[in-house]
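Trainee: Below are the structure tokens for one structure; questions will follow.
The values are calculated or read from the model by the stated rules, or taken from the named source; none is laboratory data. Please read these numbers as outputs of a predicted model, since none were measured by experiment. With ideal geometry, Cβ positions are generated from the backbone for all residues, glycine too; neighbour counts draw on all protein chains shown.
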Amino acid sequence: MPDIKGMNYFIEVARLGSFSAAARQLRITQPAVSRRVRSLEKDLGVRLLQRRGRAVIPTGAGEILLARATALQRSADAIYEEVRAGAAVPSGPLALGISIVVGHLIVAPLIDDFLRSFPAVRLHLFEGYSSFIEEWLAHGRIDAGLIWGQPRSKDLVVEPLLELELSVIAPKKPIVGCENGGRPVKAIRQQDLVRFPLILPALPHGLRLLAEQAARAAGKPLNIAMECDGVLLTREFVKQGMGYTLFAVGGSEKEIAEEQLREIRIGPPAVYWTLSMATRRSSAPSTVLAELSRAIRAAVQQKIRQRELRGHVFKRTDIRGYERS
């Protein structure tokens with residue numbers, strides 16, 4: 001039976017060029033290292049190390065053993081990692097609430113790949129507004145939810161995943177009195193939002209809250225042409241020239257490309273919509289949820305690189321919690 005521990009000691013001595021340095025690295029005494037390496041040499045019937053000045057270097061036989069033993073050590077490490085990973089392979093059911101817009105914009109394109117990667121996961125997806133998702137979480141109907149903005153309940157904790165830049169989505173022809181003398185504009189300041197007849201959800205929807213914040217900064221009330229809590233319906237009203245709305249540009253890219261709608265960028269500073277993974281404070285950590293969050297970040301990062309979306313992905317840090325990547 002090969003002396004695996006003896007080979008590990010030998011690798012450290014050869015790598016560091018010193019029995020004493022190897023002993024410190026291994027956190028054992030120098031005589032213990034020396035005895036184990038001598039025993040290995042006796043088993044093999046060859047000298048493995050030789051002195052050169054103050055350093056210890058491998059002999060020809062030692063070089064052969066060093067290369068093979070290092071490869072063996074890496075293989076053993078890989079086996080351990082595979083076993084640990086195998087024990088934590090995501091599996092089982094996950095009931096996930098998905099806020100309006102998130103589904104078709106972000107989640108739908110990645111679900112197929114996610115389930116192929118983790119076939120033992122059983123997803124049950126619910127779509128609704130963030131306020132509904134908070135209620136479903138509170139009543140235990142779902143395990144987690146993708147929500148915009150901050151939850152109202154203190155019983156929920158959130159993991160910020162990303163933030164998307166919001167734009168004003170405009171009808172093809174400017175509404176009289178809203179833009180530059182009837183000529184389309186391509187960008188506005190945040191405080192200029194109060195000039196536009198807006199079609200937005202009712203409070204406390206996240207989009208409405210962001211618009212209200214801009215209005216407070218301008219010192220004027222919003223011009224709400226209509227309250228509408230339906231995304232598709234809102235876009236239809238905008239197409240008909242009934243008003244303007246706020247949206248992440250990726251959500252209307254098809255209509256914009258076909259010139260049914262226009263995009264008016266806001267800022268600087270830009271207005272961002274934050275998407276978070278919300279769970280109950282009492283929930284246990286979930287490998288399924290961790291992998292899904294990772295997949296969402298990766299998918300959005302790719303869309304940002306391909307200029308399909310504008311925004312930032314939050315990455316987790318040990319010191320500051322979360323920061324933009």
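Trainee: Do any residues in the range 102-114 that are farther than 20 Å from E165 by Cβ have Cβ atoms under 8 Å from those of residues that are at pLDDT 85 or above and crowded, with 16+ Cβ neighbours inside 10 Å, where the two are at least six apart or on different chains, and which pairs are they?
Mentor: Every condition considered, the pairs that remain are L110/A295; L110/I296; L110/A299; D113/A295; F114/V121; F114/E291; F114/L292; F114/A295.
Trainee: Test R47 against the criterion of being under 18 Å from A67 (Cα atoms), of a type outside the set (F, W, Y), without any contact (Cβ under 8 Å) to a residue 24 or more places away in the chain and assigned by TED's automatic domain parsing to the domain that holds A67, and give yes or no. Reasoning before the result, please.
Mentor: On the way: under 18 Å from A67 (Cα atoms): yes; of a type outside the set (F, W, Y): yes; without any contact (Cβ under 8 Å) to a residue 24 or more places away in the chain: yes; assigned by TED's automatic domain parsing to the domain that holds A67: yes.
When the stated conditions are applied, R47 passes them.
Trainee: Of all residues in the range 20-41, how many are within 17 Å of I57 (Cβ to Cβ), over 43 Å from the mean Cα position of the chain (by Cα) and surrounded by fewer than 18 Cβ atoms within 10 Å (Cβ to Cβ)?
Mentor: 3
Trainee: Can you find a residue in the range 59-66 that is over 49 Å from the mean Cα position of the chain (by Cα) and either farther than 14 Å from I11 by Cα or among the basic types (K, R) (or both)?
Mentor: For the range 59-66, residues over 49 Å from the mean Cα position of the chain (by Cα) and either farther than 14 Å from I11 by Cα or among the basic types (K, R) (or both): present.
Trainee: Still on this structure, please answer the following. Please go through the range 219-234 and give me each residue that is farther than 22 Å from V194 by Cβ and in contact (Cβ under 8 Å) with a residue 40 or more places away in the chain, ordered by number.
Mentor: Going residue by residue through the range 219-234, those that are farther than 22 Å from V194 by Cβ are 230-233.
Residue satisfying the conditions is V231 alone.
Trainee: Another question about this same structure. Please state which of the following conditions E135 fails to meet, knowing it meets all the rest: (1) more than 28 Å from R307 (Cβ to Cβ); (2) assigned to a helix (DSSP H, G or I); (3) within 16 Å of the chain's Cα centre (by Cα).
Mentor: (3)
Trainee: Is there a residue being touching a strand residue (DSSP E or B) at 6+ places or on another chain (Cβ under 9 Å), among the hydroxyl-bearing types (S, T, Y), at pLDDT 90 or above and not in a helix (DSSP H, G or I) anywhere in the range 156-176?
Mentor: There is at least one residue in the range 156-176 that is touching a strand residue (DSSP E or B) at 6+ places or on another chain (Cβ under 9 Å), among the hydroxyl-bearing types (S, T, Y), at pLDDT 90 or above and not in a helix (DSSP H, G or I).
Trainee: Condition first: touching a residue at least 40 places away in the same chain (Cβ under 8 Å) and over 14 Å from M277 (Cα atoms). Now tell me which residues in the range 130-139 satisfy that.
Mentor: The one that is touching a residue at least 40 places away in the same chain (Cβ under 8 Å) and over 14 Å from M277 (Cα atoms): A138.
So that you can scan it fast, the table gives a plain yes or no per residue for (1) at pLDDT 90 or above; (2) polar (S, T, N, Q); (3) under 30 Å from H124 (Cα atoms):
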{"position": "G6", "(1), (2), (3)": "no, no, no"}
{"position": "T29", "(1), (2), (3)": "yes, yes, no"}
{"position": "L49", "(1), (2), (3)": "yes, no, no"}
{"position": "E63", "(1), (2), (3)": "yes, no, no"}
{"position": "Q73", "(1), (2), (3)": "no, yes, no"}
{"position": "I79", "(1), (2), (3)": "no, no, no"}
{"position": "S91", "(1), (2), (3)": "no, yes, yes"}
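Residue-by-condition table, conditions (1) modelled with pLDDT under 90; (2) of a type in the set (A, V, I, L, M, F, W, C):
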residue: I224; (1), (2): no, yes
residue: V231; (1), (2): yes, yes
residue: G241; (1), (2): no, no
residue: F247; (1), (2): yes, yes
residue: R262; (1), (2): no, no
residue: I266; (1), (2): no, yes
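Trainee: Now for a separate question. What are the residues in the range 150-176 that are within 14 Å of L198 (Cβ to Cβ) and either buried (at least 19 other Cβ atoms within 10 Å of the Cβ) or of a type outside the set (V, I, T) (or both), if any? Spell out how you get there, then give the answer.
Mentor: At the first step, the residues of the range 150-176 found to be within 14 Å of L198 (Cβ to Cβ) are 166-171, 175.
Selection gives L166, S167, V168, I169, A170, P171.
Trainee: Only one of these is of a type in the set (G, A, S) and at pLDDT 90 or above: G149, G97, G103. Name it. Reasoning before the result, please.
Mentor: Values: G149 fails: at pLDDT 90 or above; G103 fails: at pLDDT 90 or above.
Checking each option against the conditions leaves just G97.
Trainee: Hey, another quick one. When residues of the range 203-249 are filtered for being touching a Gly at 6+ places or on another chain (Cβ under 7 Å) and in a strand (DSSP E or B), how many remain?
Mentor: Restricting attention to the range 203-249, the residues satisfying the condition of being touching a Gly at 6+ places or on another chain (Cβ under 7 Å) are 206, 209, 225-226, 237.
In the following step, the residues that additionally are in a strand (DSSP E or B) were identified as 225-226.
Of the residues in that region, 2 qualify.
Trainee: What pairs can you find where one residue is in the range 281-298 and in contact (Cβ under 8 Å) with a residue 40 or more places away in the chain, the other is among the small types (G, A, S) and assigned to a loop (DSSP other than H, G, I, E, B), and their Cβ atoms are less than 9 Å apart, with a gap of 6+ or different chains?
Mentor: Pairs that qualify, where the first residue is in contact (Cβ under 8 Å) with a residue 40 or more places away in the chain and the partner is among the small types (G, A, S) and assigned to a loop (DSSP other than H, G, I, E, B), are T287/A88; T287/S91; V288/S91; L289/S283; L292/S286; R297/S325.
Trainee: Considering (1) more than 29 Å from K172 (Cα to Cα); (2) of a type in the set (G, A, S); (3) at pLDDT 90 or above; (4) assigned to a loop (DSSP other than H, G, I, E, B), say which one S282 fails and leave the rest.
Mentor: Exception for S282: condition (3).
Trainee: Do we have R216 as of a type outside the set (G, A, S) and either surrounded by fewer than 19 Cβ atoms within 10 Å (Cβ to Cβ) or free of Cβ contacts under 8 Å to residues at least 12 places away in the same chain (or both) here?
Mentor: Details: of a type outside the set (G, A, S): yes; either surrounded by fewer than 19 Cβ atoms within 10 Å (Cβ to Cβ) or free of Cβ contacts under 8 Å to residues at least 12 places away in the same chain (or both): yes.
Here the answer is yes, as R216 does meet what is asked.
Trainee: Another question, if that's okay. Output the number of residues of the range 188-202 satisfying the condition of being of a type in the set (A, V, I, L, M, F, W, C), farther than 15 Å from I175 by Cβ and part of a loop (DSSP other than H, G, I, E, B). Write out each step before concluding.
Mentor: First, the residues of the range 188-202 that are of a type in the set (A, V, I, L, M, F, W, C): 188, 193-194, 196, 198-200, 202.
Right, trim to farther than 15 Å from I175 by Cβ and you get 200, 202.
Keeping just the survivors that are part of a loop (DSSP other than H, G, I, E, B) gives 202.
The qualifying residues number 1.
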